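First comes the structure, then the notes that go with it.
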Amino acid sequence: MVRTPLTPEERERGERLGRLLREARGERSMVEVAASAGISAETLRKIETGRAPTPAFFTVAALAVTLELSMDEVARTCVLVPV
């Protein structure tokens, strides 16, 4: 299966998500947050660094719950609105 290359907008959205998650994680370890969200630390690392810019919805939802972020906050931060 060949994946369609990501657009610059998709990459930017992934970078915004990664920044939001890193900031919300604060001093907590990646391993602790990942385990609490039910994902691997490597998956969280990839999302936070933008190497996985389009994570599954339920992965983002689990991280939002763990980090006490609302999905509205995640959407406001990450969705690119044309100006």
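The values are calculated or read from the model by the stated rules, or taken from the named source; none is laboratory data. Quick caveat, the model's predicted, so the values are computed rather than measured. Positions of Cβ are backbone-derived with ideal geometry, glycine not excepted, and every protein chain shown enters the neighbour counts. Each accessible area value is taken on the protein alone, full model and side chains, heavy atoms only, with ligands, DNA and RNA left out. Shrake-Rupley method; radii C 1.70, N 1.55, O 1.52, S 1.80 Å.
Of the residues THR54, SER70, ALA35, the one whose Cα sits farthest towards the positive end of the charge dipole of the chain is THR54 (charges of +1 on Lys and Arg Cβ, -1 on Asp and Glu Cβ, taken about the Cα centre).
Here the dipole of the chain is about 240 debye; that uses its Cα centre as origin and unit charges on the Cβ of Lys and Arg (positive) and Asp and Glu (negative).
Solvent-accessible surface of the chain, averaged per residue with a 1.4 angstrom probe and all protein chains in place: 67 square angstrom.
Label sites at GLU68 and ARG51, each approximated as a point 7 angstrom past Cα along Cα to Cβ, lie 3.0 nm apart. Do you know the relative contact order of the chain, to the nearest whole percent, from alpha carbon pairs under 8 angstrom that are 6+ apart? 39 percent.
Pulled fully out, how much extra length does the chain show between VAL79 and ALA35, if you take 0.36 nm times their separation in residues and subtract their Cα-Cα distance?
That works out to 13.2 nm of additional length.
Expressed as a whole percent, the accessible surface of the chain that belongs to carbon and sulfur atoms is 56, based on a 1.4 Å probe. In terms of its C-alpha gyration tensor, region 39-79 has an oblate overall shape, because the principal axis ratio a/c (a ≥ b ≥ c, square roots of the eigenvalues) is not below 1.5 and a/b does not outweigh b/c. Per-residue packing, averaged as other Cβ atoms within 10 Å, sorts the ranges 3-13, 43-53, 29-39 into the order 43-53, 29-39, 3-13, beginning with the highest.
Coordinate range of the alpha-carbon atoms in region 9-78 per principal axis, descending: 30, 23, 22 Å.
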